Amino acid sequence: MTGTSALPLACAMFAAVLAALPPPPAAAATLTTAAAPCINGERERRDESAVDDGEIRWTDATRYDGPRKHALAVWQYTGSRIKLRPDATTTVNDLEFVDYRGGSGPKDAVGSYVRDSRIAATDLIRFNITKVDGRSSDFQRSVAAHEVGHALGLCHKSGKVLSLMWTEVSSLPITEPQAADKANYSTLWG
């Protein structure tokens, strides 16, 4: 191959690689390793999480076992301090994964974290089967991981920061905590 024919081939290969890369989930999103602020007056507080004694004990009554397993696994990254463990007969259940049949309109949630502040009460992560069934596994994983983020006390983030904690699942779902999410987690839990 001569030097003159290698350049067009290299350019074509570079263009093919760029075309194969997914576009960023939000045009204005930036990658940051700093903690990102909450939006809409929300806040991140330990007492608004499902964490009890440095852990979340969970039970499962959902048909979305794969997304649940994925969400629990991605929040147990190296450096995470809160342990996510199945409930046992000798522990207090902090969180339950459940399904419900909700609305299908644009304002109906795909999933939700429901905090119950009563002593020894069980918080819920709810999946709206009307909006989750039939969606891609990445979409379902994104919803599950996002809601576990709420159970850990994290709030929603602006679309200007690359985050799992956006208010909506993007066309290219984020399925695990990003650098900003880990920074917020670290600020909250050490």
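With the cut-off at under 15 Å, measuring from each backbone N in segment 129-155 to a point 7 Å along the Cα-to-Cβ line of ARG63 picks out 129-137, 140.
Only Cα sites of segment 75-145 enter the Debye sum here, all with the same form factor; the resulting log10 I(q)/I(0) across q = 0.18, 0.26, 0.29 1/Å is -0.85, -1.19, -1.28, listed in q order.
Pull out the extension gain between VAL114 and SER171, defined as 0.36 nm times the separation in residues minus the alpha carbon to alpha carbon distance; nm, one decimal. Please report the intermediate quantities before stating the final value.
On the way: separation 57, 0.36 × 57 = 20.52 nm, distance 2.52 nm.
This chain segment gains 18.0 nm when fully extended.
Pairs exceeding a 22 Å alpha-carbon distance, out of LYS107/LYS131; LYS83/LYS182; LYS107/LYS157: none at all. Semi-axes of the equivalent ellipsoid of segment 28-189 are 22, 20, 14 Å, computed as sqrt(5λ) over the eigenvalues of the C-alpha gyration tensor in descending order.
Charged side chains reduced to their Cβ positions (Lys and Arg at +1, Asp and Glu at -1) give segment 55-190 a dipole of some 200 debye around its Cα centre.
Beta bridges from DSSP with both residues in segment 28-189: antiparallel share about 25 percent, rounded to the nearest 5. Of VAL143, VAL51, the sequence from fewest to most neighbouring Cβ atoms within 10 angstrom is VAL51, VAL143.
Provide the FRET efficiency to the nearest 0.05 for the ARG45-LYS83 pair, computing r from the beta carbons and using R0 = 22 Å. Please report the intermediate quantities before stating the final value.
Working: r = 20 Å, r/R0 = 0.89.
Efficiency, from the Cβ-Cβ distance: 0.65.
Under the combined filter of DSSP loop state and at most 13 neighbouring Cβ atoms within 10 Å, segment 28-117 retains these chymotrypsin sites (Phe, Trp or Tyr not before Pro): TYR77. Of the trypsin sites (Lys or Arg not before Pro) found in segment 62-143, those that fall in a DSSP loop while having at most 10 other beta-carbon atoms within 10 Å are ARG101, LYS107, ARG118.
By the count of other C-beta atoms within 10 Å, a proxy for reagent exposure, THR33, THR90, THR175 are ordered fewest to most as THR90, THR33, THR175. Exposure proxy ranking for ASP123, ASP116, based on other Cβ atoms within 10 angstrom of each Cβ and starting from the fewest, stands as ASP116, ASP123. The phi-based Karplus calculation (6.51 cos²θ - 1.76 cosθ + 1.60; θ = phi - 60°) puts the 3J(HN,Hα) values of segment 67-75 at x, 4, 4, 4, 4, 5, 5, 6, 8 Hz, whole numbers, x for Gly and Pro. Stretching VAL92 away from THR187 to a fully extended chain increases their span by 31.6 nm, per 0.36 nm per residue minus the current alpha-carbon distance.
Read the figures in this text as sums done on the coordinates, not as results from a lab. Because the structure is a prediction, the values reported are computed rather than measured. Reconstructed Cβ throughout: ideal geometry from the backbone, glycine too, with neighbour counts over all protein chains shown.
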